[in-house]
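Here is the structure we will look at.
The values are calculated or read from the model by the stated rules, or taken from the named source; none is laboratory data. Just so it is clear, the model here is predicted, and its values are computed rather than measured. Counting neighbours? That spans all protein chains shown, and the Cβs are built from the backbone with ideal geometry, glycine included. Accessible surface areas use protein heavy atoms only, side chains included; no ligands, DNA or RNA. Shrake-Rupley method; radii C 1.70, N 1.55, O 1.52, S 1.80 Å.
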Amino acid sequence: MTWDDDDLLRKHPQLERILIRSDEIHKRVRQLGNEISRDYADNVPVLVSILKGSYVFLADLTRCLTIPHEVDFMAISSYHGGTQSTGVVKIEKDLKTNITGRDVLIVEDIVDTGLTISYLLDLLGTRSPRSLRVCTLLDKTHARTKDVAVAYGGFEIPSEFVIGYGLDYDEKFRNLPFIGVMRG
Ligand code: IMP
């Protein structure tokens with residue numbers, strides 16, 4: 001059984017509103033899947049999902065790809081609990097795949113200050129991939145402190161703390177099918 005976005009919002013009084021509805025997300029993920037399938041038509045890219053936040057996005061995105069591809073996972077912590085970035089990036093789990101000479105597409109849930117993704121780009125770049133690009137569902141462009149090139153971006157959003165579709169607040173709300181804003 002699936003729940004309606006508005007029913008779910010009513011069940012979570014900590015949430016203020018829905019920012020991006022589930023049907024809008026699915027439509028945009030399909031578009032991104034088409035673009036990536038077209039751009040990598042002659043390659044077998046490795047999609048590197050950054051845990052935990054990107055697991056829902058990755059699962060939907062890969063099912064919209066029409067080209068052969070591989071997936072691998074990295075776990076990184078840059079947020080510890082609350083809503084404040086610490087700027088500290090720690091690798092909790094590294095890739096199994098040898099990405100030397102491969103076309104790598106990092107799949108992120110959200111790029112905020114850009115610190116996490118720029119750290120990852122530097123790190124994976126030292127492993128000599130053939131290409132290295134970023135796909136993020138959400139992009140807080142106004143919160144950037146580090147410049148990063150986003151090749152595939154789902155939605156530009158304001159600098160508000162959001163949850164749902166894989167994103168958490170203190171490990172909760174990842175299962176919500178929409179992107180929502182917490183009450184202040
Ligand atoms: P950055 O290093 O500031 O770009 O932050 C990237 C990471 O911070 C993301 O992968 C998320 O884990 C987390 N993050 C940033 N903004 C939010 C948010 O609004 N909700 C939930 N997590 C967030």
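Summary of values
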read-out: Inter-probe distance in nm under a simple model that places probes 7 Å from Cα toward Cβ, at Val89 and Arg183; value: 3.5
read-out: DSSP-loop trypsin sites (Lys or Arg not before Pro) across the range 14-65, with at most 10 other Cβ within 10 angstrom; value: Arg63
read-out: The range 4-133 - percent of accessible surface contributed by carbon and sulfur, probe 1.4 Å; value: 49
read-out: Dipole of the range 24-170, positive end: most advanced residue of Val111, Leu51, Ser159 [Cβ charges, Cα centre]; value: Leu51
read-out: Probe 1.4 Å, accessible area per residue of the chain, Å²; value: 51
read-out: Shape of the range 24-170, Cα gyration tensor, a/c cut at 1.5; value: oblate
read-out: Span from the the range 170-184 Cα centroid across to the the range 83-146 one, whole angstrom; value: 22
read-out: Net lengthening on full extension, Asp168/Val44 (0.36 nm per residue, minus Cα-Cα); value: 41.5 nm
read-out: Relative contact order (%) - the range 24-170, alpha-carbon pairs under 8 angstrom, separation at least six; value: 24
read-out: Under 18 Å from the Cα of Lys52 - lysines, other chains or at least 8 residues apart; value: Lys90, Lys93, Lys96, Lys172
